[in-house]
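Read the structure below first, then the notes.
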Amino acid sequence: MSYARERLKKAQEQLGIEAKKSLGQNFLVSDTVINRIIDQVKAFEPEVMIEVGPGPGALTDLLLEMNVPMQVIELDREIAAYWRGKGLTVHEQDALRLDWSQFFSDKKLVFVSNLPYQISSSIVIERSMENHGVAHMVLMFQKEVAQRIKAPARDEHYGLLSVIAQTFWNIHIVSEAGPGDFAPPPKVASRVLGFTRITSDVKNHKSFLTFVKMAFAQRRKLLKKNLAGILGQRNVTQEQLIEWIKELGFPETARAEELSPAQFVKLYHKFGFE
């Protein structure tokens, strides 16, 4: 039996718990994947850490050995009580409803998680809306979501999530993880990504998100049609928009999926947005 499986078995005996389907719990039991995640966290040289969904501690036990101040966010009552009993500061709340600004300081914050798959896209978008705060992230995703995050323009996986993630982060693959690396095994493959926040020309992240959402509103529609709704608001004519699209190197029949994240930023600024 692997070291990770032994730790899981011990923690489950202490807690008297099984993975809860309702909370999207699949406990990581691969020593190889765990070690790759821990090595990446160490490489980011955190000064403070946040973990979402520590569960029985596949990552948490090893993160604590780094002796870096750490807090966890855990929705499961029994698991939250378990970590509280070990002296950790636990936020027993939904990570998507929590005010993350309370964690931000001048110290380098690294966010680590084997994410519940149902919140993974939303949490990447949310952390991307902040101008500062989390400096690095090491996150486990369903492989399909990880593909969407890193997809280039014109790729079948490319879309809103790709543009937002790549505009505000440098992203690389840390590890692959198959169903057998979890207990219970999920039906899908997984992938761990590492994120480093980058300085962007976009000042108002939420305004940019709204703009990109509009561009992708109806995927098969032409970009000029999807953006028609903001022309009047910004005193821009259809002719000007077509000219801007052509300046980016596209015909007026271009669709949103053809523009790279950098080209989206250029078009966004053409409209006079910050």
**OP:** Pull up region 63-94, narrow it to residues that are closer than 17 Å to Leu139 by Cα and surrounded by 19 or more Cβ atoms within 10 Å (Cβ to Cβ), then point me to the one that is modelled with the lowest pLDDT.
**Re:** Glu74
Subject >> Lone qualifier among Asp181, Asp201 - being among the acidic types (Asp, Glu) and crowded, with 20+ Cβ neighbours inside 10 Å >> reply: Asp181
**OP:** Quick one: which residue in Lys187, Lys225, Lys221 is surrounded by 15 or more Cβ atoms within 10 Å (Cβ to Cβ) and basic (Lys, Arg)?
**Re:** Lys221
Subject >> Residues of region 203-232 classified as part of a loop (DSSP other than H, G, I, E, B) and of a type in the set (D, E, K, R), total >> reply: 4
**OP:** Please list, ordered by first then second residue, the pairs with beta carbon atoms under 8 Å, 6 or more apart or interchain, first in region 238-254 and farther than 16 Å from Tyr268 by Cα, second surrounded by 14 or more Cβ atoms within 10 Å (Cβ to Cβ).
**Re:** Pro251/Ile245; Glu252/Leu222; Glu252/Lys224; Glu252/Ile242; Glu252/Ile245; Thr253/Leu222
**OP:** Taking the options Phe216, Phe195, Phe250, name whichever one is touching a strand residue (DSSP E or B) at 6+ places or on another chain (Cβ under 9 Å) and either outside the structural domain of Leu115 (by TED's automatic domain parsing) or on the phi < 0 side of the Ramachandran plot (or both).
**Re:** Phe195
Subject >> Failed criterion for Ile79 (all others in (1) touching a residue at least 40 places away in the same chain (Cβ under 8 Å); (2) touching a strand residue (DSSP E or B) at 6+ places or on another chain (Cβ under 8 Å) hold) >> reply: (2)
Original post:
Of all the residues that make up region 217-260, how many are farther than 15 Å from Ala153 by Cβ and among the aromatic types (Phe, Trp, Tyr)?
Top reply: 1
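The values are calculated or read from the model by the stated rules, or taken from the named source; none is laboratory data. The shown structure was predicted, so the numbers you read here are calculated from the model rather than taken from an experiment. Heads up, the Cβs are rebuilt from the backbone with ideal geometry, glycines too, and the neighbour counts pull from every protein chain shown.
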